[in-house]
Amino acid sequence: MNRRFGCWLDLPSPHVAEIVAQTGFDWVLIDLEHGPIGVETASLMLMALKSTPARGIVRIPELTEGWMKRALDMGAHGVMVPNIADAAQAEQAAQWFHYGPRGHRGEAQSVIRAADWGRNAAGYSGGVELIIQIEHKIALSQAAEIAAIDGVHMLFLGPSDFAAASGLAKDAPEVLDAARHVAQAANAQGKRSGSVLFPGGTVETLHSAGVTDISITSDVATLVQSLDATLATVKG
């Protein structure tokens, strides 16, 4: 399975989204769970990605039918659902993600951006990835069941929240073990797996663990690190 690299977007800016996507990332994630990005801005950020090869993934704030529909209808290439507790919640996400008969997604192809504002209503079927974020021990223990759910396309470890919920330091070896477990469960079903970087989870160790999708930086982190380094250089 091909490896893909992504970048997290927390700044509410279509211009930043376009600059990041033009860099050559395989995907960028527009984060509505944390930070100030709202629905209207997220839609404009997805528009800014249209002329780039990057896939636009939207992380919704929580698992609700309304948030799922909004992310899908605005034309996201993928929807990440955080804090999935267990396989039952993952199945609920799949129900709201997919049109009938698989699921119960509301149909509005005549008016949504995802269907080119109705111009592609007949041919639009979604074609996007449902990404389930594993951030707790129970969800990790049910990773195989979650990966087996029809219509789930990727399992994505949240290492910081997993470590905190498990009472572990971020550099504990158990966090990398969790990434390995997620990757193995996903791979057994022919599906993708992902993670952000963390102390024990470098690009090399995550790839060795079988993880296919890695977020290697964020817009905020890149800006802060570059500005700090630039100013320190001239002051030094």
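Observations
- Taking the criterion of being small (G, A, S) and either surrounded by 15 or more Cβ atoms within 10 Å (Cβ to Cβ) or under 20 Å from S193 (Cα atoms) (or both), the residues of region 160-181 that qualify are S160, A163, A165, S166, A172, A178, A179.
- Qualifying residue in region 111-121 (condition: among the basic types (K, R), in contact (Cβ under 8 Å) with a residue 24 or more places away in the chain, in contact with a helix residue (DSSP H, G or I) (Cβ under 7 Å, 6 or more places away or on another chain) and assigned to a loop (DSSP other than H, G, I, E, B)): no
- Considering region 90-105, and only residues there that are in contact (Cβ under 8 Å) with a residue 40 or more places away in the chain and in a loop (DSSP other than H, G, I, E, B), the residue that is farthest from A42 (Cα to Cα) turns out to be R102.
- Taking the listed residues M80, M74, M45, the one that is surrounded by fewer than 23 Cβ atoms within 10 Å (Cβ to Cβ), hydrophobic (A, V, I, L, M, F, W, C) and either in contact with a helix residue (DSSP H, G or I) (Cβ under 7 Å, 6 or more places away or on another chain) or closer than 20 Å to V152 by Cβ (or both) is M74, with no other qualifying.
- Some residue of region 205-219 being closer than 30 Å to G24 by Cβ and exposed (fewer than 15 other Cβ atoms within 10 Å of the Cβ): yes
- Count of region 122-149 residues which are within 18 Å of E62 (Cα to Cα) and in contact with a helix residue (DSSP H, G or I) (Cβ under 9 Å, 6 or more places away or on another chain): 8
- Some residue of region 86-108 being touching a Leu at 6+ places or on another chain (Cβ under 8 Å) and on the phi > 0 side of the Ramachandran plot: no
- Count - residues of region 117-149 that are farther than 15 Å from G190 by Cα, of a type in the set (G, A, S) and modelled with pLDDT of 95 or more: 2
- T64 vs. criteria under 23 Å from F162 (Cα atoms) and among the polar types (S, T, N, Q): yes
- Enumeration of residues in region 12-25 that are of a type outside the set (V, I, T), buried (at least 16 other Cβ atoms within 10 Å of the Cβ) and closer than 27 Å to S193 by Cβ: A17, A21, F25
- Check on T202, hydroxyl-bearing (S, T, Y), farther than 21 Å from E129 by Cα, surrounded by fewer than 17 Cβ atoms within 10 Å (Cβ to Cβ) and touching a Cys at 6+ places or on another chain (Cβ under 9 Å): no
- Some residue of region 214-230 being over 23 Å from L9 (Cβ atoms) and either of a type in the set (G, A, S) or touching a strand residue (DSSP E or B) at 6+ places or on another chain (Cβ under 6 Å) (or both): no
- Answer residue from region 83-116, given it is of a type in the set (F, W, Y) and at pLDDT 95 or above and is surrounded by the most Cβ atoms within 10 Å (Cβ to Cβ) among those: F97
Rundown of residues vs (1) over 17 Å from the mean Cα position of the chain (by Cα); (2) not in a helix (DSSP H, G or I), yes/no style:
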{"residue": "A88", "(1), (2)": "yes, no"}
{"residue": "I132", "(1), (2)": "no, yes"}
{"residue": "A144", "(1), (2)": "yes, no"}
{"residue": "A165", "(1), (2)": "yes, no"}
{"residue": "A179", "(1), (2)": "no, no"}
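The values are calculated or read from the model by the stated rules, or taken from the named source; none is laboratory data. A quick note: this is a predicted structure, and the numbers were derived from the prediction, not measured. Neighbour counts are summed over all protein chains in view; Cβ atoms, including those assigned to glycine, are modelled from backbone coordinates with ideal geometry.
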